[in-house]
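**Q** Okay, here's the structure, questions in a sec.
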Amino acid sequence: MRPILKPRVMNSIKKQKTKLALFASGTGSNVFNIITHFNNSESIEVALVLSNKATAGALNHAQNAGIQSQHFNRDDFFESNNVLELLKTENIDYVILAGFLWKIPQNILSHFENKILNVHPSLLPKYGGKGMYGHHVHNAVLLHKEKETGITIHVVNDKYDDGAIIAQAKCVIAEDETLETLQKKISKLEKENFPTTIEQFIKNN
Ligand code: GRF
């Protein structure tokens, strides 16, 4: 007969949470939103926030939330295993790109195969690829007089904005749409959909 665990021992066998590392280069509004979303989660936690910019707002959001954060440079990322080793040391399960502009190097892609997600502010495959980020995307969408645009959440591979699409959300473009109004619509779609899509993706894996 198998030994029966005493209640006190059983309590100590808690399931580890799935750990996310967020990468961001910009203001970090998505980082803030993702941190907030998973703050009370029993299964997923934001364990690390990393940026290639020392002044990135994302790092402040992490510090305010008591989450470990760090800045890295090009050599750390592209010429060494420094960033990968940090991710391994922190037992990171998934990497989330939330406004991160550098291409992910092969060492990190191989270790996190199908476990790196990105949000892009257009309906891919439209308006993706090198140089297509932030206002460049929205300006191109407006210039081409698109009737609708949106966001794409996708798996990251070795090309810009190219991996398998997990989810898209759309919005209509008004006749008098401006860069500013479009940025607001896209930002709202990202806040509504990115954390929930991350959560669902992890559950399904
Ligand atoms: C978002 O629009 C996202 O789609 C793109 O970068 C932007 C980041 O914005 N990948 P923020 O820094 O989270 O405000």
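**Q** Starting from the alpha-carbon convex hull of the chain, give the projected area averaged over all orientations, in nm².
**A** 13.8 nm²
**Q** Per residue of the range 49-59, what does 6.51 cos²θ - 1.76 cosθ + 1.60 with θ = phi - 60° give for ³J(HN,Hα)? Whole Hz please, x for Gly and Pro, Karplus curve as stated.
**A** Computed from phi, the couplings for the range 49-59 are 10, 10, 9, 8, 10, 4, 9, 4, x, 4, 5 Hz.
**Q** Glu192 versus Lys19, label points 7 Å from Cα toward the beta carbon: distance in nm?
**A** Here the modelled spin labels are 3.4 nm apart.
**Q** Calculated FRET efficiency, Thr55 and Ile165, Cβ-Cβ r, R0 30 Å, to nearest 0.05?
**A** According to the calculation, E is roughly 0.40.
**Q** Here is a follow-up. Per residue of the range 111-127, in order, report the coupling 6.51 cos²θ - 1.76 cosθ + 1.60 (Karplus, θ = phi - 60°) as ³J(HN,Hα) in whole Hz, putting x for Gly and Pro.
**A** 5, 10, 4, 6, 10, 10, 10, 10, 10, 10, x, 7, 8, 4, x, 6, 6
**Q** How far apart, in nanometres, would the label points at Asn205 and Gln106 be if each is projected 7 angstrom from Cα along the Cα-to-Cβ direction?
**A** 2.2 nm
**Q** Whole-Hz ³J(HN,Hα) for each residue in the range 152-169, computed from phi via Karplus 6.51 cos²θ - 1.76 cosθ + 1.60 with θ = phi - 60°, x for glycine and proline: what do you get?
**A** The phi angles translate into 10, 10, 9, 6, 9, 10, 7, 10, 5, 6, 10, x, 3, 7, 9, 7, 9, 9 Hz.
**Q** Put a dot 7 Å past each Cα toward the Cβ at Phe78 and Gln183; how far apart are the dots in nm?
**A** Simple spin-label model gives 2.7 nm for this pair.
**Q** Considering the options Phe77, Ile96, His135, tell which one lies farthest towards the positive end of the dipole of the range 41-140, charges being +1 on Lys and Arg and -1 on Asp and Glu at the Cβ, about the Cα centre.
**A** Selected residue: His135.
**Q** Put +1 on the Cβ of each Lys and Arg and -1 on the Cβ of each Asp and Glu in the chain; which of Leu189, Gln200, Ala167 then has its Cα farthest toward the positive end of the dipole?
**A** Final value for the positive-end residue is Gln200.
**Q** Assigning unit charges at the beta carbon (Lys, Arg +1; Asp, Glu -1) and nothing else, what dipole magnitude in debye, to the nearest 20, does the range 17-113 show about its Cα centre?
**A** Roughly 220 debye for the range 17-113.
**Q** Going by amide H atoms built from the backbone, whose H comes under 5 Å of the H on Phe23, apart from near neighbours?
**A** Those lying under 5 Å, H to H, from Phe23 are Leu50, Ile96, Leu97, Ala98.
**Q** Give, rounded to the nearest 20 debye, the magnitude of the charge dipole that the chain has about its Cα centre when Lys and Arg contribute +1 at Cβ and Asp and Glu contribute -1 at Cβ.
**A** That gives a dipole near 780 debye.
**Q** Work out the length of the dipole vector of the range 155-205 about its Cα centre, built from +1 on the beta-carbon of each Lys and Arg and -1 on the beta-carbon of each Asp and Glu, and round it to the nearest 20 debye.
**A** My answer is approximately 260 debye.
**Q** Further, regarding this structure: Round to a whole number: what % of the accessible area of the chain belongs to carbon and sulfur, probe 1.4 Å?
**A** 50 percent
**Q** Which cross-chain or sequence-distant (5 or more) residues have an amide H under 5 Å from the amide H of Gly163, H modelled 1.01 Å from N in plane?
**A** Asn157
The values are calculated or read from the model by the stated rules, or taken from the named source; none is laboratory data. Computed from a predicted model, the values in this text were never measured in an experiment. No Cβ is skipped: glycine too gets one built from the backbone with ideal geometry, and neighbour counts run over all protein chains shown. With ligands, DNA and RNA removed, areas are computed over all heavy atoms of the protein, side chains included. Shrake-Rupley method; radii C 1.70, N 1.55, O 1.52, S 1.80 Å.
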